[in-house]
Amino acid sequence: MHRYSGLLAALVLLAGLPSAAHAAPSVKLRVSFIPERLGQSTTLEFGAQISAPNEGVPPPLTELDVRYPASLGLTVGELGLATCSKRRLEALGAASCPADSHIGEGSATAEIPIGPSVIQETARVAILRAPEEEGHLALLFYATGESPVLAQITFPGLLLTAPPPYGARIHISVPLVPSIPDAPDVAVVRLHATLGPLGLTYYEHVRGRLVAFKPRGILLPRKCPRGGFAFSATLAFLDGAETTADTKVPCPVRGGNASLP
C-alpha cells in the first residue's frame, strides 16, 4: 500500500510538470530607429523571428505584447490624425481608410505544415489608428494574404501602461487563421513592422487646396537612457506556451541612421 501511494504521488507530480513536447518556441527580437537622432522625430522598426524547439513549425501565435521605454514619445507627434473603424476596414480594406489614419506598415510570414512539406506565405500588414477604447489609444492591424491562403484579417491592438523599467506597451490579440482543409491553423514565424512616418504621406486643406505632407513621428528624447533603449516582447501561443525576448537599441551616435537588415 505504501509503495502504491508513493507511485500515485509521483504520477500526480509528473502530471503537473510542463511537457517537453510543449516547450516554448524561441524568439529573436530586433528593434531600431530610422533615423537615429536624439530629440528628433523617428520611425520605430520592429522585427521578430519565431522558431520551434524541434526545428519544426511553431504553434499558432495568439497574443503579442511589446513593452517600450517611457522616454519614447509614441503618442506625441502627428501620427494618426484621423481614425478608421473596424467595420469599414473589414468591408472595404485599408485603402478606404483616411490617409491620415495610417501609422505604419509591415509584413508577417507564416508556415503551414502539409504532410511532410511546409508551405510559406507572406502577408502585407497595414497599421491604422482606431477610435479610442476606454481612454486608451487603439490600433487596427489589417493583414492581406494571397496564396496559398486567400484571406484578409483584421485584429486589434491597444496602448497600455507597463511596469518599470518600461513605460508603456502595445498589446495585440492575434486571431487564428485557418489554412487549407484538414491542415493546421497558420503559424506565424516572422514579423516585421514600422511604426512612424517612414513611407507615409498625410494631407491637409490649405486655402482650399489639399496639400501633402510628411507627419512627424515618434519623438526620441534629447538624452539617451543609460545602457540604451530597452524593449521586451512576450508572445503567447495556442498550446499555452509563452516566450519573452529582450533587446536594447544602443544610444545613437551623432548623425547615425541604422536600420534592420
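Quick notes on this one:
- Within region 195-247, considering residues that are basic (Lys, Arg) and in contact (Cβ under 8 Å) with a residue 60 or more places away in the chain, the one nearest to Gly47 (Cα to Cα): Arg216
- Check on Ser96, among the small types (Gly, Ala, Ser) and either modelled with pLDDT of 95 or more or farther than 24 Å from Val189 by Cα (or both): yes
- Of everything in region 121-138 that is charged (D, E, K, R) and without any contact (Cβ under 8 Å) to a residue 40 or more places away in the chain, the residue that is nearest to Gly80 (Cα to Cα) is Glu132.
- Residues that are of a type outside the set (D, E, K, R) and in contact (Cβ under 8 Å) with a residue 24 or more places away in the chain within region 159-174 comprise Leu159, Leu160, Ala162, Pro165, Tyr166, Gly167, Ala168, Ile170, His171, Ile172, Ser173, Val174, listed in sequence order.
- Any hit, region 62-69, residues being in a loop (DSSP other than H, G, I, E, B) and either at negative phi or over 20 Å from the mean Cα position of the chain (by Cα) (or both): yes
- The numbered conditions (1) over 14 Å from the mean Cα position of the chain (by Cα); (2) farther than 18 Å from Glu105 by Cβ are all true for Pro175 except (1).
- Residue within region 145-154 that is under 18 Å from Glu63 (Cβ atoms), in contact (Cβ under 8 Å) with a residue 60 or more places away in the chain and of a type outside the set (Phe, Trp, Tyr) present: yes
- Of all residue pairs spaced 6 or more apart or on separate chains, those with beta-carbon atoms under 8 Å, a first member in region 86-103 that is farther than 20 Å from Tyr202 by Cα and a second member that is hydroxyl-bearing (Ser, Thr, Tyr) are Lys86/Thr154; Glu90/Thr154.
- The residue that is farthest from the chain's Cα centre (by Cα), among those in region 194-209 that are of a type in the set (A, V, I, L, M) and closer than 18 Å to Ala95 by Cα, is Leu200.
- Residues located in region 192-212, provided they are out of contact with any strand residue (DSSP E or B) (no Cβ under 8 Å at 6 or more places or on another chain) and charged (D, E, K, R): Arg207, Arg209
- The one condition in (1) crowded, with 19+ Cβ neighbours inside 10 Å; (2) modelled with pLDDT of 95 or more; (3) not in a helix (DSSP H, G or I) that Gly80 fails to fulfil: (2)
- Residue selected from region 173-222 under the condition surrounded by fewer than 17 Cβ atoms within 10 Å (Cβ to Cβ) and β-branched (Val, Ile, Thr), by the criterion farthest from Ala52 (Cα to Cα): Val206
The values are calculated or read from the model by the stated rules, or taken from the named source; none is laboratory data. Model, not experiment: these values are computed from the prediction. Cβ atoms come from the backbone with ideal geometry, glycine included; neighbour counts cover every protein chain shown.
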